[in-house]
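The values are calculated or read from the model by the stated rules, or taken from the named source; none is laboratory data. For clarity, every value in this text was computed on a predicted model and none was experimentally measured. No Cβ is skipped: glycine too gets one built from the backbone with ideal geometry, and neighbour counts run over all protein chains shown. These accessible areas exclude ligands, DNA and RNA; they are computed on the full protein's heavy atoms, side chains included. Shrake-Rupley method; radii C 1.70, N 1.55, O 1.52, S 1.80 Å.
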Amino acid sequence: DTGVSQDPRHKITKRGQNVTFRCDPISEHNRLYWYRQTLGQGPEFLTYFQNEAQLEKSRLLSDRFSAERPKGSFSTLEIQRTEQGDSAMYLCASSLGGFRDTEAFFGQGTRLTVV
Amino acid sequence: GDSVTQMEGPVTLSEEAFLTINCTYTATGYPSLFWYVQYPGEGLQLLLKATKADDKGSNKGFEATYRKETTSFHLEKGSVQVSDSAVYFCALIGTSGSRLTFGEGTQLTVNP
């Protein structure tokens, strides 16, 4: 088990371009979460999946953001028409069940810089 | 909504000093409380947790006690090491149960 992996680790893009990030959770973890972390702040919840179903989305997740988890395995987070305010670290976490009962495992994150 | 407030950082200590990082929360009902740690270049890791009032979470010499009356979950360690240098995040899960809400994080630097 290699933990939660995220790809790419770093992404620099021009404003207005689309970007897509991938998260591979720990195998057999049924829950997958996306968080965003800006410099000097704690992670902020974006969305989560239970298996392939997207069960909750934050108000932070504007129409330009979309997340998928086909077949309940890996997940992708796409940002369309990127803006400078999208620059942040995007974190993925997975767990077997809810955080109350089991530990959440976080990936190292994808750092997005929009120039 | 749920929120977590941590003491302002950064915190710089000498090795073997006593550490306290304050954390207070706002939530309805009975949240579960957590401390996560982020070492340089690594992902967030669970350090300890407490799920009900007066519970004490502990791990690696760190402790925190769930105080319902003061809505606090302060992190303490009696003797810090250089290897404890990291960013520490207090977090909670509210009774709705699905998401972690994090504080701003506290950067700890321990000098030899």
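Numbers for the structure displayed
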| quantity | calculated |
| --- | --- |
| Largest-first ordering by accessible area, 1.4 Å probe, given options A:71, A:11 | A:71, A:11 |
| Lysines with Cα under 21 Å of residue A:57, excluding same-chain neighbours fewer than 8 positions away | A:71 |
| Loop-exposed GluC sites (Glu not before Pro) per DSSP, neighbour cap 15 Cβ within 10 angstrom, longest uninterrupted part of chain A | A:53-82 |
| Volume per residue of the C-alpha convex hull in the protein assembly as shown, rounded to whole Å³ | 120 Å³ |
| Karplus (6.51, -1.76, 1.60) ³J(HN,Hα), θ = phi - 60°, over region A:21-34, in Hz, Gly and Pro reported as x | 10, 10, 10, 10, x, 5, 4, 6, 6, 8, 10, 9, 10, 10 |
| Calculated FRET value between residue B:12 and residue A:5, using beta carbons and R₀ = 30 Å, to 0.05 | 0.35 |
| 10 Å beta-carbon shell around residue A:50, net charge (K/R +1, D/E -1) | 0 |
| Given charges at beta-carbon only (K, R positive; D, E negative), |dipole| of the protein assembly as shown in Debye | 620 debye |
| Rounded accessible area per residue of chain B, 1.4 Å, Å² | 45 Å² |
| At 0.890 mPa s and 25 °C, Stokes diffusion of region A:26-92 via Kirkwood alpha-carbon radius, µm² per second | 197 µm²/s |
| Accessible-area composition of chain A, carbon plus sulfur, in percent [1.4 Å probe] | 44 percent |
| Values of log10 I(q)/I(0), in the order q = 0.11, 0.14, 0.23 Å⁻¹, for chain A under a Debye, Cα-only, solvent-free model | -0.32, -0.51, -1.36 |
| Top positive-direction residue, dipole computed over region B:7-112 with Cβ charges, set B:70, B:37, B:106 | B:70 |
| Mean projected area in nm² (Cα convex hull; one quarter of hull surface) for region B:68-112 | 4.4 nm² |
| Solvent exposure ordering (accessible area, 1.4 Å, most first) of A:10, A:29, B:74 | A:10, B:74, A:29 |
| Electrostatic dipole magnitude of region B:24-73 [Cβ: Lys, Arg +1; Asp, Glu -1; Cα centre; debye, to 20] | 80 debye |
| Region A:51-59 - phi-based ³J(HN,Hα) in whole Hz, Karplus 6.51/-1.76/1.60, Gly and Pro as x | 6, 8, 8, 7, 9, 8, 10, 7, 4 |
| Per-selection Kirkwood Rh - chain B (Cα, Å, 1 d.p.) | 14.0 Å |
| Dipole magnitude (debye, nearest 20) for chain A, charges at Cβ of Lys, Arg, Asp, Glu | 460 debye |
| Estimated distance in nm for a label pair at residue B:71 and residue A:63, the labels positioned 7 Å out from Cα along Cα-to-Cβ | 3.6 nm |
| Cross-link reach list, lysines versus residue B:60, counting only Cα pairs under 26 Å and skipping chain neighbours closer than eight places | B:49, B:52, B:68, B:77 |
| Extreme residue, positive dipole direction of chain A, given options A:37, A:96, A:75 (C-beta unit charges) | A:37 |
